[in-house]
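A.B. asks: Right, I'll just put the structure down here and ask away after.
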Amino acid sequence: TPATIVDETSMCGRYTLYANLNRILTDFVAEFRPEYQYAPRYNIAPTTAVLAVRQVDDKRELVPLSWGLIPSWAKDEKIAYSTINARAETVDRKPAFRSAFKKRRCLIVADGWYEWQAPGPKTKQPYRMHYADDRPFGLAGLWESWNHDGKTIESCTIIVTDAAPHLTGVHDRSPCIVQPQEYARWLDQDFQGADAVRAMLHAPGDELVPYAVSSAVGNVRNHGPDLVEPIVKP
C-alpha cells in the first residue's frame, strides 16, 4: 500500500511514541477520550493515525489524526502523501498550510524520530533522535478537517526546519520541537502573529541524542521494541 512506501531521506518520515500514557497526559495537561486506544509504537509512518494535542475551548485533548494534512479545499485525500511535512520557512504562505498555521496548530506527541544517514552510495544507516531519558515531547504540528461526500478526515502535518549543528552529521533537517513553556501559546487559536508564531519553531537543542539503530526500521511492517535498541556500527 502507499503507506508502506516511505522515502527514508524525507525530512521527518518516521518516529516513535511508546511513553506511558499517564506520563503523556500529565506532561501535556491533556485529556484522552475513553473510546480511543493507546498502544506503544516503534515505527510510526505517514498516512497512519498519530496522537496529537490540540486546544478545544478551555481544555486540551489528545486525539488521533491521520498523518498527512488534507486541506479543506482538496479534491481528494491523496494529497496527504505530499503533506506529511511543512517547511518552517514557508508554512505561513503555502496554500495547503497557511489557514491551519493561523488557527489549527497542534502538538504531535513523540519520544523520538528516525533519520537515515547515507555513509556510502548504496547503504543508509538509520538513527533515532531522542532525549537521554526518553521523555515525550511535542513536535510542532498543524491539523485540518476535510469533508467530502459525507466523509470526514482529521489530519495533520509536522513542521520541519534546519537541524541543530550536532545533528547535521545525520541529516540537515529535523522536526521543530515546541518547548513546554510555549505549549499554551502554540495551541492558542487567538495567537496569530506570523512572526511571533514562527519564533516558536525551534530546532532541537544539544540535549537531543542520536544513536544508530537496526536497518529493520526501514520496513514499516516491522514495529517491535527491538527497533529502538542501539546497535554498534561496524
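The values are calculated or read from the model by the stated rules, or taken from the named source; none is laboratory data. Quick caveat: nothing in here was measured; it's all calculated off a predicted structure. Note: ideal-geometry Cβ built from the backbone for every residue, glycine included; neighbour counts use all protein chains shown. The area values use the complete protein model at the heavy-atom level, side chains included, leaving out ligands, DNA and RNA. Shrake-Rupley method; radii C 1.70, N 1.55, O 1.52, S 1.80 Å.
A.B. asks: For VAL109, are the conditions met, namely being of a type in the set (A, V, I, L, M), touching a helix residue (DSSP H, G or I) at 6+ places or on another chain (Cβ under 9 Å), touching a residue at least 40 places away in the same chain (Cβ under 8 Å) and surrounded by 21 or more Cβ atoms within 10 Å (Cβ to Cβ)? Write out each step before concluding.
C.D. replies: Details: of a type in the set (A, V, I, L, M): yes; touching a helix residue (DSSP H, G or I) at 6+ places or on another chain (Cβ under 9 Å): yes; touching a residue at least 40 places away in the same chain (Cβ under 8 Å): yes; surrounded by 21 or more Cβ atoms within 10 Å (Cβ to Cβ): yes.
Yes.
A.B. asks: Please enumerate the residues belonging to the range 153-182 that are in a helix (DSSP H, G or I) and either out of contact with any Asp or Glu (no Cβ under 9 Å at 6 or more places or on another chain) or on the phi > 0 side of the Ramachandran plot (or both). Let's see the steps before the verdict.
C.D. replies: Of the residues in the range 153-182, the ones in a helix (DSSP H, G or I) are 165-167, 180-182.
GLN181, GLU182, listed by residue number.
A.B. asks: Among the strands (runs of 3 or more DSSP E) confined wholly to the range 22-67, which include 2 or more residues that are basic (Lys, Arg)? Even if it seems obvious, please write down each step before you answer.
C.D. replies: Details: elements: 30-32, 41-44, 49-56, 59-67.
Because the criterion is at least 2 residues that are basic (Lys, Arg), the strands (runs of 3 or more DSSP E) in the range 22-67 that meet it are 59-67.
A.B. asks: Given the condition among the hydrophobic types (A, V, I, L, M, F, W, C), farther than 20 Å from ILE24 by Cα and within 13 Å of the chain's Cα centre (by Cα), answer yes or no: does some residue in the range 144-166 qualify? Walk me through it before giving the result.
C.D. replies: Taking the range 144-166 as the starting set, the residues that turn out to be among the hydrophobic types (A, V, I, L, M, F, W, C) are 146, 153, 156, 158-160, 163-164.
From the residues that got through so far, the ones that are farther than 20 Å from ILE24 by Cα too are 146, 153, 159-160, 163-164.
Keeping just the survivors that are within 13 Å of the chain's Cα centre (by Cα) gives 159-160.
Scanning the range 144-166, I find at least one residue that is among the hydrophobic types (A, V, I, L, M, F, W, C), farther than 20 Å from ILE24 by Cα and within 13 Å of the chain's Cα centre (by Cα), so the answer is yes.
A.B. asks: Quick check on my filter: what residues within the range 82-103 are among the charged types (D, E, K, R), assigned to a helix (DSSP H, G or I) and touching a residue at least 12 places away in the same chain (Cβ under 8 Å)?
C.D. replies: Restricting attention to the range 82-103, the residues satisfying the condition of being among the charged types (D, E, K, R) are 87, 89, 92-94, 98, 102-103.
Next cut, assigned to a helix (DSSP H, G or I) only: 98, 102-103.
Correct list: LYS102, LYS103.
A.B. asks: Moving on. Given the options PRO165, PRO180, PRO175, name the one that is at pLDDT 90 or above, farther than 14 Å from LYS102 by Cα, open to solvent by 20 Å² or more (accessible area, probe 1.4 Å) and not charged (D, E, K, R). Full working, then the answer.
C.D. replies: Working: PRO165 fails: at pLDDT 90 or above; PRO175 fails: open to solvent by 20 Å² or more (accessible area, probe 1.4 Å).
Just one listed residue meets the conditions, PRO180.
A.B. asks: Within the range 74-92, count every residue that is farther than 18 Å from ARG173 by Cβ, of a type outside the set (Lys, Arg) and surrounded by fewer than 15 Cβ atoms within 10 Å (Cβ to Cβ).
C.D. replies: So the answer is 2.
A.B. asks: Being open to solvent by 80 Å² or more (accessible area, probe 1.4 Å) and polar (S, T, N, Q) is the filter here, so list the residues in the range 185-234 that pass it.
C.D. replies: Kept after step one, since they are open to solvent by 80 Å² or more (accessible area, probe 1.4 Å), are these residues of the range 185-234: 185, 189-190, 192, 195, 206-207, 215, 221, 223, 226, 229-230, 232-234.
Correct list: GLN189, GLN192, SER215.
A.B. asks: List pairs: first residue in the range 1-27 and modelled with pLDDT of 95 or more, second residue acidic (Asp, Glu) and open to solvent by less than 10 Å² (accessible area, probe 1.4 Å) anywhere in the structure, Cβ distance under 7 angstrom, at least six positions apart or on different chains.
C.D. replies: From residues that are modelled with pLDDT of 95 or more, the pairs are THR16/ASP111; LEU17/ASP111; TYR18/ASP111; ALA19/ASP111.
A.B. asks: Of everything in the range 196-234, what is under 18 Å from the mean Cα position of the chain (by Cα) and part of a strand (DSSP E or B)? Give them in sequence order.
C.D. replies: Passing the criteria: HIS202, LEU208, VAL209, PRO210.
A.B. asks: Can ALA100 be described as crowded, with 17+ Cβ neighbours inside 10 Å and within 17 Å of SER145 (Cα to Cα)? Walk me through how you get there before you give the answer.
C.D. replies: On the way: crowded, with 17+ Cβ neighbours inside 10 Å: yes; within 17 Å of SER145 (Cα to Cα): yes.
Here the answer is yes, as ALA100 does meet what is asked.
A.B. asks: Of all residues in the range 137-152, how many are open to solvent by 10 Å² or more (accessible area, probe 1.4 Å), at negative phi and not basic (Lys, Arg)?
C.D. replies: Residues of the range 137-152 that are open to solvent by 10 Å² or more (accessible area, probe 1.4 Å), as a first pass: 143-145, 147-152.
Adding the requirement that they be at negative phi leaves 143-145, 147-148, 151-152.
In the following step, the residues that additionally are not basic (Lys, Arg) were identified as 143-145, 147-148, 152.
The number of residues fulfilling the criteria is 6.
A.B. asks: Among the listed residues PRO71, PRO34, PRO95, identify the single one that is more than 17 Å from the chain's Cα centre (by Cα) and open to solvent by less than 20 Å² (accessible area, probe 1.4 Å).
C.D. replies: Working: PRO34 fails: open to solvent by less than 20 Å² (accessible area, probe 1.4 Å); PRO95 fails: open to solvent by less than 20 Å² (accessible area, probe 1.4 Å).
So the residue among PRO71, PRO34, PRO95 that is more than 17 Å from the chain's Cα centre (by Cα) and open to solvent by less than 20 Å² (accessible area, probe 1.4 Å) is PRO71.
A.B. asks: Considering only the range 209-234, state which residues are within 26 Å of LEU62 (Cβ to Cβ), touching a Ser or Thr at 6+ places or on another chain (Cβ under 8 Å) and modelled with pLDDT under 95.
C.D. replies: If the condition is that a residue be within 26 Å of LEU62 (Cβ to Cβ), touching a Ser or Thr at 6+ places or on another chain (Cβ under 8 Å) and modelled with pLDDT under 95, then VAL220 is the only one that fits.
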